[in-house]
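Inspection log for the structure reproduced underneath, given as structure tokens.
The values are calculated or read from the model by the stated rules, or taken from the named source; none is laboratory data. Since the structure is predicted, the reported quantities are computational estimates derived from the model, not experimental observations. We place every Cβ from the backbone using ideal geometry, glycine too, and count neighbours over all the protein chains shown. Side chains are part of the model used for accessible areas, which takes the heavy atoms of the whole protein and leaves out ligands, DNA and RNA. Shrake-Rupley method; radii C 1.70, N 1.55, O 1.52, S 1.80 Å.
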Amino acid sequence: MEERNEIAEVDREEQLEKERNIKRYLMKLHYINLYPLNPDRFYEDEKRKAMKNGPKVPTRKDSQKDAGITLWLKIKSFFSEDARKKRDFLEEKAEEYYKENLELVMPRKTEYDKQCDQRYTFMRDQLRNGDKKEVIRFMKEVLYSDDFSVDGENRYEIDVSLDYLEDQSQLNICFRIPNEYEIRVIPRYRQKMNRADEASFRIDIVKKVLLRVAIIVFLSDIDMNIQKIFLTGYLDYFDSSIGADERKNVIQLKMDRALFDKIDFEKVSVADLYEKRIKPKMSGMLYLKEPVDLKEIK
């Protein structure tokens, strides 16, 4: 019995430590493990991937296979004079194939790589110049490549749509916020939480998620195309009254680069930032009412 109690106590301590780690992670959710996307590296990576899909440069190994040099022939050539002579003959043919293929493919490969380089250099320049299509494409990569969790274990499933107002240097972002069941609620000091406290905890997570979105966008925008962000958080849910998926905008906020540049995100009080600076519009009773009953933010 005593041994069983000791095992139970160890399991309990492990569970408590796990919850403490998750809580520490969620407290820093707006900036922890945040990796901005550098556009220069991004377009170089895109170019390398595209080049890999171009004409394949022939290899001697491929030419030997085309010439009929098999593994069995290589083995036999160590023990049979006839097999050795056959292998020598086929290796000469393989070398001829290799040189012919190289002469045929390399000009095409060189031209293909040149076109890839020109295409991705042009796209990088388009982003640098604030082209609407390219800003949206790059910022989608920024947001979809982010990796974070709202329960401390599973990667959050991101869904986002963007628009860019070139004349205002403003990025409009519609970002899916977590449903109630996706957020792990961890009480302070193992105290029991009522529904209102749980809802407040979830809203705090949402605020950090949306703040994270703004941070990674501004940090990745090294070309300074974006001076303002208009960010809408929406719930994506199943409405049983019509038997279909619905989405509803429940929180909206604005942030400009001037405010962003002032903030120390490791030291800032997220609650104070929202209350005194950002002042978002938010549906009342969020995470207390069913999504279908929430007022939509226009």
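Across the stretch 110-200, how large is the tail of the calculated P(r) beyond 21 Å, expressed as a percent of all Cα pairs? Cα-Cα pairs of the stretch 110-200 separated by over 21 Å account for 56 percent.
Could you list, in their original order, any pairs among LYS208/LYS262; LYS208/LYS281; LYS23/LYS267; LYS18/LYS207; LYS18/LYS289; LYS61/LYS114 whose Cα atoms are separated by more than 25 Å? As for pairs spanning more than 25 Å Cα to Cα, those are LYS18/LYS289; LYS61/LYS114.
Per-atom-type breakdown for the chain gives carbon and sulfur 49% of the accessible area (1.4 Å probe, protein chains only). Each label was represented as a point 7 Å from its Cα along the Cα-to-Cβ direction; for ASP88 and LYS74 these points are 1.9 nm apart. Kirkwood hydrodynamic radius of the stretch 242-298, from the reciprocal of the average inverse Cα-Cα distance over all distinct pairs: 13.5 Å. The Cα atoms of the chain cover 87, 73, 45 Å along the three principal axes, with the biggest extent listed first. Taking all protein chains into account, the per residue accessible area for the chain stands at 62 Å² (1.4 Å probe). The convex hull of the Cα atoms of the stretch 161-298, projected and averaged over all directions, covers 9.8 nm².
Using only Cα atoms, tell me the angle between helix 81-128 and the longest principal axis of the chain; keep it within 0 to 90° and round to the nearest 10. Rounded to the nearest ten degrees, it is 40.
What do you get for GluC sites (Glu not before Pro) in the stretch 235-298 restricted to DSSP loop and a cutoff of at most 14 other Cβ within 10 Å of the site's Cβ? In loop regions of the stretch 235-298 (DSSP not H, G, I, E or B), the sparsely surrounded GluC sites (Glu not before Pro) are GLU266, GLU296. What distance in nm separates the simple spin-label points at TYR181 and ASP272, each placed 7 Å from Cα in the Cβ direction? That separation, rounded to one decimal, is 3.8 nm.
Per DSSP helix of 4 or more residues, -39500 (n - 2.57); summed, then divided by the residues of the chain. What does that give at 222 nm, rounded to the nearest 500?
Values: 8 runs with 147 residues, N = 298.
The helix contribution divided over the chain gives -17000 deg cm²/dmol.
Here each label is just a point 7 Å from Cα along the line to Cβ, and for ARG128 and ILE158 those points are 2.5 nm apart.
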